[in-house]
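Contents: one structure, followed by commentary.
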């Protein structure tokens with residue numbers, strides 16, 4: 001793929017980091033299509049994420065996520081991935097073909113203050129796994145795939161969007 005085809009920005013990070021919110025604003029400002037992969041999964045399954053977890057298990061959600069990622073092309077998009085997209089090496093390799101991966105990094109305290117529906121949010125995790133454990137496990141994966149890391153520990157959407165725009169123009 002040539003550089004013109006690699007114009008997408010792929011947002012990764014924990015639930016509550018702001019991927020969907022930042023993604024929509026970024027798509028408007030950069031004149032790109034916006035895709036939320038959680039919606040792709042729900043459309044594919046015909047039910048909400050939490051219902052998939054409740055009836056089929058967290059691993060099924062991760063499998064559906066990988067299928068959804070691999071089934072689409074993401075030319076000139078802002079892609080807000082599900083928080084567990086990074087568990088799929090194939091899925092992340094596929095996404096990286098289309099552009100840079102941006103890790104929206106938020107601390108555990110910040111995420112806790114933003115997520116009030118942890119048990120019903122559709123977070124793909126083992127039953128025995130706490131949010132803290134999930135955070136530690138995923139942090140390493142997000143960092144491994146990231147081309148850029150953006151600090152999202154504040155509630156200033158404009159600052160996050162501007163930081164991303166500034167960083168992508170420097171690379």
(request) Among the helices (runs of 4 or more DSSP H) lying completely within the range 87-171, list those that include at least 1 residues that are surrounded by 12 or more Cβ atoms within 10 Å (Cβ to Cβ) and more than 15 Å from the chain's Cα centre (by Cα). (result) 108-114, 131-145, 157-170
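Residues are listed down the side, and each one gets a yes or a no for (1) closer than 28 Å to residue 160 by Cβ; (2) surrounded by fewer than 16 Cβ atoms within 10 Å (Cβ to Cβ):
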site	(1), (2)
52	no, no
55	no, yes
62	yes, no
69	yes, no
(request) Just one of (1) over 20 Å from residue 158 (Cβ atoms); (2) modelled with pLDDT of 95 or more; (3) within 13 Å of the chain's Cα centre (by Cα) trips up residue 9, so point out which. (result) (1)
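The values are calculated or read from the model by the stated rules, or taken from the named source; none is laboratory data. No experiment lies behind these values; they were computed from the predicted model shown. In this analysis, Cβ positions are derived from the backbone assuming ideal geometry, glycine residues included, and neighbour counts consider all displayed protein chains.
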